[in-house]
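What follows is one structure encoded as C-alpha cells, with my remarks underneath.
The values are calculated or read from the model by the stated rules, or taken from the named source; none is laboratory data. This is a predicted model, so every value here is computed, not measured. Here the Cβ positions follow ideal geometry from the backbone for every residue, glycine too, while neighbour counts run over all protein chains shown. Keep in mind that these areas ignore ligands, DNA and RNA; they rest on the heavy atoms of the full protein, side chains included. Shrake-Rupley method; radii C 1.70, N 1.55, O 1.52, S 1.80 Å.
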Amino acid sequence: MSLSMRVTPTKKVIVFPSHDTWARGISVVLGLLALGVLGPWSLDMGIVPLSLQSLVVFSAALLLRPQDFLVCSLGYLIIGAAGLPVFANHSGGIDKLLGHTSGFLWGFVVIGTGLSWTNRRRAMGFPPLLLAALSAHLLLLIPGFAVLYWHLPDAALTSIFLNLFPGLLIKTLIIAVLVNAKQRRSESPVEIAN
C-alpha cells in the first residue's frame, strides 16, 4: 500500500476590507468628530448646566459597537491629551487626564464601553434606552466624584450633584430620543455583535 500526496499550488488572494469594515471605520471617525466638535460645548440654561460631553459620549456608545466605541473614546482621550481643545469648556492637555475631572474622562471609556456592550446584546426600546442612559450618567458620577474628592477633599459633592442632576436628566432624555429614533430608522434596530 503506497501513500501518495498531491500538492496543489495555492493562489494568492488579495483581501480588501469589506464594506462592513469601511462602514465601521467611518462610524468611528464620525463618532470621534462628534466628540471633538460637540463635546466641548456647554449650554447655559440658567441654573442648569448642560454640557454636551456626556450626551455625545453616551449617544455614541449606544450607536457604535463596543469595540468601535472603545477605539473612538480612547482616540478622544488621545487627541485631548495632545492638546486639542476637545474636552469640556474647550480645554485639552495631558493634565486633564490626570487632574480633578479625570475620573469623568476615564469613566467615559469604561462606562461607555459597558453601555455599548449592553445595547448590543439585546435590542432596546425607548424605556430601556432611557434607563440605560440614566444608569450610565449615574455610574459616571462614581469615578468622577471619587477623583474629584481625591484632588479637592473640600469639594461640596452634594451641591455639585444637585447642580448637575437636572442637566443629567435632560441629557438622558435626549439620548434616549435620539438613539431610539436612529434605531427605528435602521433596517434592523441593533446588530447583535458576537
message = Over the range 25-91, with the other protein chains present, what is the accessible area per residue in square angstrom, probe 1.4 angstrom?
response = 45 Å²
ask   = Per the 1.4 Å probe, what fraction of the accessible area of the range 96-186, in percent, lies on carbon and sulfur atoms?
value = 73 percent
ask   = If T101, T158, T172 are ordered by their accessible area, calculated over protein heavy atoms with a 1.4 Å probe, which sequence runs from highest to lowest?
value = T158, T101, T172
query = For labels at N163 and A82 in the simple 7 Å Cα→Cβ model, what's the distance in nm?
reply = 3.2 nm
message = Testing the spin-label approximation: label points 7 Å from Cα along Cα→Cβ at F126 and V29. State their distance in nm.
response = 3.5 nm
request  = Would you work out the charge dipole size for the range 35-181 about its Cα centre, treating the Cβ of every Lys and Arg as +1 and the Cβ of every Asp and Glu as -1, and quote it to the nearest 20 debye?
outcome  = 480 debye
message = Sort 102-113, 160-171 by packing, meaning the average of other beta carbons within 10 Å per residue, with the highest value first.
response = 102-113, 160-171
ask   = Given the Cα-Cα distance of R184 and N89 and 0.36 nm per residue of separation, how much length would full extension add, in nm?
value = 30.9 nm
task = For S51, enumerate residues with amide H under 5 Å from its amide H, sequence gap 5+ or separate chain, H modeled in the peptide plane.
result = L43
task = Could you please report the charge total around C72, scoring K, R as +1 and D, E as -1 over all other residues with beta-carbon less than 11 angstrom from its beta-carbon?
result = +1
request  = Assign one of three labels to the range 81-187, namely rounded, prolate or oblate, based on the Cα gyration tensor with a ≥ b ≥ c the square roots of its eigenvalues; rounded applies when a/c is under 1.5, prolate when it is not and a/b is larger than b/c, and oblate otherwise.
outcome  = prolate
